[in-house]
Amino acid sequence: MDELIQNVIRWAEDKNIDNYDNRKAQMLKVIEEVGETASAILKDNDDAVIDGIGDSLVTLIILSIQMGYHPEYCLNKAWEEIKDRKGKTINGTFIKD
């Protein structure tokens, strides 16, 4: 995973999209890719779901770099927040206590 993240970061640097000034446009790309993933799920198109999840991850990695955070740092912060969370799953959605 570390190597894949580094590949995406290098790609973003090579394309000159890794800077802070591009963060708003990048956020729109994140939303676009997540929307395409949602559409693929609704259509039961597994290949498009896989592509959409991958593209969403790429756009989020780039956004994190633009904002000055390493993606692993962001993921770790989220994990630390949820790892001990209590709650239950209702209709497929986890509801925290």
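Remarks
- Any chance ILE17 is in contact with a helix residue (DSSP H, G or I) (Cβ under 7 Å, 6 or more places away or on another chain), of a type in the set (A, V, I, L, M, F, W, C), open to solvent by less than 80 Å² (accessible area, probe 1.4 Å) and in a helix (DSSP H, G or I): no
- Here is the figure for the range 34-55: residues that are closer than 25 Å to ILE9 by Cβ and open to solvent by 70 Å² or more (accessible area, probe 1.4 Å) total 5.
- Under the condition of being among the aromatic types (Phe, Trp, Tyr) and over 20 Å from GLU3 (Cα atoms), the residues counted in the range 63-97 number 2.
- Filter result for LEU4 (assigned to a helix (DSSP H, G or I), of a type outside the set (D, E, K, R), within 23 Å of LYS77 (Cα to Cα) and open to solvent by 100 Å² or more (accessible area, probe 1.4 Å)): yes
- Residues within the range 56-97 that are part of a loop (DSSP other than H, G, I, E, B) and surrounded by 10 or more Cβ atoms within 10 Å (Cβ to Cβ), tallied: 3
- Yes/no for ALA12 being open to solvent by less than 50 Å² (accessible area, probe 1.4 Å), closer than 14 Å to SER64 by Cα and modelled with pLDDT of 95 or more: yes
The values are calculated or read from the model by the stated rules, or taken from the named source; none is laboratory data. The structure displayed is predicted, hence computed values, not measured ones. Positions of Cβ are backbone-derived with ideal geometry, glycine not excepted, and every protein chain shown enters the neighbour counts. In case anyone asks, the SASA skips ligands and DNA or RNA and just uses the protein heavy atoms, side chains included. Shrake-Rupley method; radii C 1.70, N 1.55, O 1.52, S 1.80 Å.
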